Amino acid sequence: RLLSPPEQPARGLRLVITAGPTREAIDPVRYLSNHSSGRMGYALAAAGVALGAEVTLISGPVALATPAGATRVDVESASEMLAAAEAHADGADIFIGCAAVADYRAASAAEHKLKKGDDDAGMTLRLVRNPDIIATIAARADRPFIIGFAAETQDVERYARDKLARKRLDMVAANDVSQPGLGFGSENNAALLLWQHGDEVDQCHLPPQPKADLAEAILRQALTCLTP
Ligand code: CTP
Ligand code: CA
């Protein structure tokens, strides 16, 4: 949907979004990843463009077309995503962490394809923690308005409040990914939106709706917080 300039409340704002999964190499032919389709992040990028923002979309590997008008930066691993986020967050007004960043990566990726041993023994893969991208951006002195996502399967509000506080976010969109037909890979999504309002946390429920509509609702609420 195209909005005419007077209806573009994000005009003049720079929006940086991380989207999709990350891939953490085990060896040259194998990786650790997750089921993120990237759809929610891409919907946010399209909504940002429609609302008049200048949008940079930092994307893990997904099978989606770049939203018209957005600038896409392709990355694979969490480390690459962090480097791109740090480079593009300079001067940004809003940073949205929508990527499903792998929490761990292989302690060392093998240079050559790993081979099975001669016996039937299993194998142990040693993992180390990845950097927290959104928390790194939130720790900056001159930080943008920061929106995180929380995909949970239980205790949605409690975990979302914890992430809002622990990562020092301005807003968090939380959803219950155990609900069939919502979230990962699907067209529709719902969210519990929580945001910092002075010392209080305000919240609203965004009911199940197409990801494009949910993206616009989240951005409009963020713009309300930015320009009270
Ligand atoms: N995130 C991030 N970098 C990471 C992990 C998460 O930027 N290494 C961001 C996600 O993009 C999202 C938010 O943090 O905006 C919450 O992600 P989530 O995986 O729900 O949080 P975690 O802190 O990793 O907690 P959990 O143990 O529940 O996975
Ligand atoms: Ca995680």
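The values are calculated or read from the model by the stated rules, or taken from the named source; none is laboratory data. These numbers come from a predicted model, not from an experiment. Backbone-built Cβ (ideal geometry, glycine too); neighbour counts: all protein chains shown. Heavy atoms of the whole protein, side chains included, go into the accessibility calculation; ligands, DNA and RNA do not. Shrake-Rupley method; radii C 1.70, N 1.55, O 1.52, S 1.80 Å.
Descriptive notes on the structure:
- Number of positions in region 77-91 that are surrounded by fewer than 17 Cβ atoms within 10 Å (Cβ to Cβ) and either outside any loop (DSSP other than H, G, I, E, B) or within 16 Å of the chain's Cα centre (by Cα) (or both): 5
- Single residue of Ala92, Ala107, Ala99 found to be within 16 Å of ligand 2 (Cβ to nearest atom) and under 30 Å from Leu169 (Cβ atoms): Ala99
- Restricting attention to region 203-228, the residues that are over 16 Å from Leu44 (Cα atoms) and open to solvent by less than 50 Å² (accessible area, probe 1.4 Å) total 2.
- Applying the condition of being of a type in the set (D, E, K, R) and in contact (Cβ under 8 Å) with a residue 60 or more places away in the chain to region 85-121 and asking which residue is nearest to ligand 1 (Cβ to nearest atom) yields Arg105.
- Top-ranked residue in region 138-185 [being more than 13 Å from ligand 1 (Cβ to nearest atom) and modelled with pLDDT of 90 or more; ranked as least open to solvent (accessible area, probe 1.4 Å)]: Pro144
- Among the residues of region 122-137, the one identified as in contact with a strand residue (DSSP E or B) (Cβ under 7 Å, 6 or more places away or on another chain), in a loop (DSSP other than H, G, I, E, B) and within 16 Å of ligand 1 (Cβ to nearest atom) is Asn130.
- Considering residues of region 186-202 that are open to solvent by 80 Å² or more (accessible area, probe 1.4 Å) and part of a strand (DSSP E or B) only, the residue farthest from ligand 1 (Cβ to nearest atom): Glu200
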